[in-house]
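Asker: This is the structure, below, for whatever I ask next.
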């Protein structure tokens, strides 16, 4: 699945093989299956933490707007959609069946 084929109702969750920890405000992650490392800064870490429970893209966007009080950023939806798309591309999140 890609971000282009994701419906607004599709719930996503973190992939179970990813180990993550906070290091000085940065979320550092490793895919155990693939042996790849990732680092998330800014709102990436809180979005990752929120995906501990399944959430649809509109819920993720609403979470960021509430958590960071960013109601005045016009392209926020596109920015979050792109970020979630990258998580999907790297198989860090998967659709919930």
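Every number in this text was worked out from the coordinates using simple rules, so none of it is lab data. All of these numbers come straight from a predicted model, not from anything done at the bench. Every residue, glycine among them, receives a Cβ derived from its backbone with ideal geometry; neighbour counts consider all protein chains shown.
Asker: Grab the beta carbon distance between residue 7 and residue 39, set R0 = 35 Å, and tell me the FRET efficiency rounded to 0.05.
Answerer: 0.75
Asker: Checking the a/c ratio against 1.5 first, then a/b against b/c, what shape does the Cα gyration tensor give for the chain?
Answerer: It comes out oblate by the Cα gyration axes.
Asker: Obtain the nm distance between the two label points defined at residue 50 and residue 16 by a simple spin-label model: each point lies 7 Å from its Cα along the Cα-to-C-beta direction.
Answerer: Going from the residue 50 label point to the residue 16 one covers 2.5 nm.
Asker: While we're here: How much length is gained if the chain between residue 70 and residue 97 is pulled fully straight, taking 0.36 nm per residue apart and subtracting their Cα-Cα distance, in nm to one decimal?
Answerer: Contour length minus Cα-Cα distance gives 6.6 nm.
Asker: On a C-alpha basis, how far is the centre of the stretch 69-94 from the centre of the stretch 30-45 in Å? Whole number, if you could?
Answerer: Their Cα centres are 15 Å away from one another.
Asker: Next question. Ignoring everything except DSSP H segments at least 4 long, calculate the 222 nm mean residue ellipticity for the chain; use -39,500 (n - 2.57) per segment, divide by total residues, nearest 500.
Answerer: About -10500 deg cm²/dmol.
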